[in-house]
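Q: Please find one structure pasted underneath; my questions will follow.
Read-outs: derived from the displayed coordinates by stated rules, not from any lab. None of these values were measured; they are calculated from a predicted model. Ideal geometry is used to build each Cβ from the backbone, glycine not excepted, and the neighbour counts take in all protein chains shown.
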Amino acid sequence: MTDKIDNRTAAVRAGLESDERFGAVMPPIYLTSNFAFEAYDRPRGYDYTRTGNPTRDALADALAELEGGAGATITGSGMAAAALVCQLVDPGQLVLAPVDCYGGTFRLLSRLSARGLLNVRFIDQTDESVLQGAIAEQPRLIWVETPTNPLLRVIDLKQMNALAKQCGALLVVDNTFLSPALLRPIEFGADLVMHSTTNYLNGPSDVLGGAVIAATPQLHEQMQDWSNILGLSGSALDSFLTMRGIRTLHVRLRQHEENALAIADVLQQHQAVAHVYYPGLASDPGHQLARQQQNGFGGMISFDLKGGARAAAEFIAALKLFTLAVSLGGVESLVCHPATMSHAAMDDSGREAAGIGAGLIRLSVGIEATADLVADIQRSLNSLSA
């Protein structure tokens, strides 16, 4: 098919009817580590699964189409995808990253910086004066999360693209929170888009994976090369399962968002809550920008409880339908305490600079019945001691 189709259709139809031998509707899983050569010095299209695998390539093709990129590289985890991107930065070169970025990203960039493999500055990318000062340092790479994890700050991608071009930096966007169903960063000038495919792209919390989608063939070739060199490639089975999850991505996200909006409304009205971070609320400072560059607001919510750590512990203990666990984006609802879980790798000063307090709660809102989740949140808030 040459005509452009809707992303919702592309997600469902990815890789279908590609089995020319038996006519299987769903693409087969190639669970093999190696492939036979035709003869001496005559390799076939594939020789070794670390380098290439048809099942992994089917997922890569699907993600490249959904993100509008030139190609995708599939890795064994989201952090493997982040590490892959870092191969484009040489010792002495600067990476600008969000001050409230994902804890795993903070840990990776901090450790690489400590070893002298790159330099890193964590900044508030919504602060114009801070941004301009950082750009003057001629960074090699600008790392963006929008919305950020966990404070859900919305970053202006058009502005970041202009700043990246101004200083000759690569623009990398972590699109894990929204997925290509709600945001396509390459359309705003991103050079690379990365994902933890473990999360929304997969859906059920049963697979680890990552991906880096490149805007140009040249960058894609570099990502493929480094993935092969470092052995970061994702497995065929995980690729197959992630492809299965992508087919329901758009349907799932509609329910995630419907539930999140209902819960955010309850949170912002409750006296125990000091602040709600959710761009879907009209009161959120990033709401208008999110409306302009996104196709929806997603299923992630964070909020500060007035009672700090004590209130956070009481609230979590009272929940019945939110599982206390790391990760996000699964069909099930999860609750996370960033200071002791997802962002525990940060020291106290780092969390303070990022705005991650002891009373901060992050919800990954699942696709259960809206009324049940709302009632659970309401009851748990009401249970907090004065």
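Q: With θ taken as phi - 60° and the coefficients 6.51, -1.76 and 1.60, list the Karplus ³J(HN,Hα) couplings across the range 104-116 in order, rounded to whole Hz; mark glycine and proline as x.
A: The phi angles translate into x, 5, 4, 5, 4, 5, 5, 5, 5, 5, 4, 8, x Hz.
Q: Divide by every residue of the chain the summed helix terms, -39500 (n - 2.57) for each DSSP H run of at least 4, and state the resulting mean residue ellipticity at 222 nm, rounded to the nearest 500 deg cm²/dmol.
A: Taken over the chain, the calculation gives -11500 deg cm²/dmol.
Q: Could you pull out every residue, at least 5 positions away or on a different chain, whose amide H is within less than 5 Å of the one on residue 144? Hs are placed 1.01 Å off N in the peptide plane, and Pro or chain starts have none.
A: When sequence neighbours closer than 5 places are left aside, the close amide H contacts are 172, 173, 174.
Q: In Å and whole numbers, how far do the C-alpha atoms of the range 249-382 stretch along each principal axis, longest first?
A: That works out to 38, 32, 28 Å along the principal axes.
Q: Taking H placed 1.01 Å from N in the peptide plane, check which residues at least 5 places from residue 216 or on another chain put their amide H under 5 Å from its amide H.
A: 70
Q: Let me ask something else about it. Looking at the chain as a GNM with Cα springs under 10 Å, which of 83, 62, 114 has the largest mean-square fluctuation?
A: 114
Q: Select from 309, 371, 80 the residue whose mean-square fluctuation is largest in a Gaussian network model of the chain (Cα-Cα springs shorter than 10 Å).
A: Top of the fluctuation ranking is 371.
Q: As an exercise, find the ratio Rg/Rh for the chain from alpha-carbon atoms, using the Kirkwood inverse-distance average for Rh.
A: Taking Rh as the inverse mean 1/r over Cα pairs, Rg/Rh reads 0.98.
Q: Report ³J(HN,Hα) in whole Hz for each residue of the range 302-319, in order, from the Karplus equation J = 6.51 cos²θ - 1.76 cosθ + 1.60 where θ = phi - 60°; Gly and Pro get x.
A: Residue by residue, the range 302-319 yields 10, 7, 9, 8, 5, x, x, 4, 4, 5, 4, 5, 5, 4, 4, 5, 7, 5 Hz.
Q: Something else about it: Can you bin every Cα-Cα distance in the range 1-159 into 5 Å intervals starting at zero and give me the percent of pairs per bin, rounded to whole numbers?
A: 2, 7, 12, 14, 15, 13, 11, 10, 8, 5, 2, 1, 0
Q: Next up: Calculate, in nm to one decimal, what residue 216 and residue 309 gain on full extension: separation in residues at 0.36 nm each, minus their alpha carbon distance.
A: Result: 28.9 nm gained on full extension.
Q: Among the lysines, which have Cα under 25 Å from the Cα of residue 4 when same-chain residues fewer than 8 positions away are ignored?
A: Answer for residue 4, where 25 Å is the Cα cut-off: 158, listed by chain and number.
Q: If you don't mind, there's one more thing I want to ask. Out of residues 5 or more away from residue 302 or on other chains, whose amide H comes under 5 Å of its own, with H placed 1.01 Å from N in the peptide plane?
A: 277, 363
Q: Let me ask you something else. Show me, for the range 327-343, the HN-Hα J-couplings you get by feeding each phi into the Karplus relation (A = 6.51, B = -1.76, C = 1.60, θ = phi - 60°), rounded to Hz, glycine and proline as x.
A: These are the phi-based 3J(HN,Hα) values: 6, 6, x, x, 5, 8, 7, 10, 10, 9, 9, x, 4, 10, 10, 5, 10 Hz.
Q: Residues with beta-carbon under 11 Å from that of residue 93, excluding residue 93: net charge, scoring Lys, Arg +1 and Asp, Glu -1?
A: Every neighbour counted, the sum reads -1.
Q: Which of 111, 362, 244 ends up with the largest GNM mean-square fluctuation for the chain, with Cα atoms connected below 10 Å?
A: In this elastic network of the chain, the residue with the biggest mean-square fluctuation among 111, 362, 244 is 111.
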